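The values are calculated or read from the model by the stated rules, or taken from the named source; none is laboratory data. Small disclaimer: the values here were computed from a predicted structure and weren't measured. No Cβ is skipped: glycine too gets one built from the backbone with ideal geometry, and neighbour counts run over all protein chains shown.
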Amino acid sequence: MTTILERILETKRREVEVLRQRINREGPLPERTVPFRSLAQRLRQDERLGVIAEIKRKSPSKGVLQANVDPAERARVYEQGGASAISVLTDETYFHGALADLRVARSAVQLPVLRKDFVIDEVQVDEAVSAGADILLLIAAAMPADRLGELSRYARSRGLEVLLEVHGEDEVEAAVAAEPTLIGINNRDLRTFEVDLGTSERVLQRLPEGTLAIAESGIMTREDAQRMAAAGARGILVGELLMRHADLASVRTQVADLRVPLGAVAK
Ligand SMILES: O=C(O)c1ccccc1NCC(=O)[C@H](O)[C@H](O)COP(=O)(O)O
């Protein structure tokens with residue numbers, strides 16, 4: 001049976017081909033025009049759990065969350081709530097996102113912005129740079145270890161921070177070898193869509209000391225945030241919880257509520 005990740009990657013291979021053809025026709029993508037913003041630096045200086053607050057209109061597991069979200073307004077409210085960064089889903093086919101959402105969100109705030117997509121090729125990295133992203137998501141399950149290393153180093157050479165996502169202990173070695181800026185642990189099983197916060201707890205034990213680790217997916221309460229902080233995460237990536245709220249005052253409160261103290265964690 002084809003998994004959702006395999007289907008998404010098939011779509012991405014076609015998109016990469018189209019993008020390459022466009023570059024051949026029209027010339028290279030414009031270079032970045034905005035100064036870089038670092039998430040790693042923010043997290044290292046933070047006494048609280050960092051929150052990467054996500055703009056996600058729709059998802060394969062949950063369907064439509066908020067089709068008509070205003071990315072600028074959302075990003076501003078996330079910033080007011082104390083978010084450390086904004087994550088923007090830029091995939092159109094499965095998440096109804098767009099690179100335009102990333103540009104609009106970033107220009108509304110002072111926070112670093114993550115391009116959350118399924119990146120498998122250098123041209124998508126160039127596209128992220130051109131759009132003004134600060135952080136790029138790479139997914140260990142999406143490619144072999146040597147390719148992961150190549151793309152991670154390429155993205156960093158282009159001035160991006162890399163959030164490298166793993167789904168289990170078996171992907172840790174390849175992730176660490178790829179020298180990303182941050183390691184993300186996704187609690188969502190991409191075959192069943194089931195969420196298990198124990199995934200982060202298990203993987204966090206296997207990461208080298210000093211790794212900036214982000215627990216991703218399925219964080220729905222302050223207690224979940226506390227659990228991730230206690231396990232050693234320096235940040236959490238939160239989408240559904242925030243996107244289910246249309247009332248902006250309660251979104252602001254939700255973000256602030258997740259920023260639990262880190263306590264005596266090693267920096
Ligand atoms: O969210 C999905 O359904 C999904 C399905 C397949 C691949 C990726 C998917 N989500 C991307 C993410 O990693 C999440 O948007 C992110 O971690 C936030 O998760 P949540 O707080 O559970 O919305």
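Listed values, structure above:
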quantity: Condition check for residue 249: farther than 18 Å from residue 164 by Cβ, away from the ligand (no atom under 14 Å from the Cβ) and buried (at least 22 other Cβ atoms within 10 Å of the Cβ); calculated: no
quantity: Residue selected from the range 126-185 under the condition surrounded by fewer than 22 Cβ atoms within 10 Å (Cβ to Cβ) and part of a loop (DSSP other than H, G, I, E, B), by the criterion nearest to the chain's Cα centre (by Cα); calculated: 181
quantity: Residue 25 vs. criteria surrounded by fewer than 16 Cβ atoms within 10 Å (Cβ to Cβ), closer than 29 Å to residue 189 by Cβ and among the charged types (D, E, K, R); calculated: no
quantity: Residue 197 more than 21 Å from residue 39 (Cβ to Cβ), buried (at least 17 other Cβ atoms within 10 Å of the Cβ) and either among the acidic types (Asp, Glu) or within 16 Å of the ligand (Cβ to nearest atom) (or both); calculated: yes
quantity: Residue in the range 2-19 that is closer than 21 Å to residue 164 by Cα, of a type in the set (S, T, N, Q) and modelled with pLDDT under 95 present; calculated: yes
quantity: Every residue from the range 86-113 that is touching a strand residue (DSSP E or B) at 6+ places or on another chain (Cβ under 7 Å) and within 13 Å of the ligand (Cβ to nearest atom); calculated: 86, 87, 88, 89, 90, 95, 96, 97
quantity: Within the range 202-262, helices (runs of 4 or more DSSP H) holding 1 or more residues that are farther than 17 Å from residue 184 by Cβ and more than 19 Å from the chain's Cα centre (by Cα); calculated: 222-231, 248-258
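To keep it simple, each residue is scored yes or no on (1) touching a residue at least 40 places away in the same chain (Cβ under 8 Å); (2) crowded, with 20+ Cβ neighbours inside 10 Å; (3) in contact with a Leu (Cβ under 6 Å, 6 or more places away or on another chain); (4) basic (Lys, Arg).
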position	(1), (2), (3), (4)
39	yes, yes, no, no
52	yes, yes, yes, no
64	no, no, no, no
93	yes, no, no, no
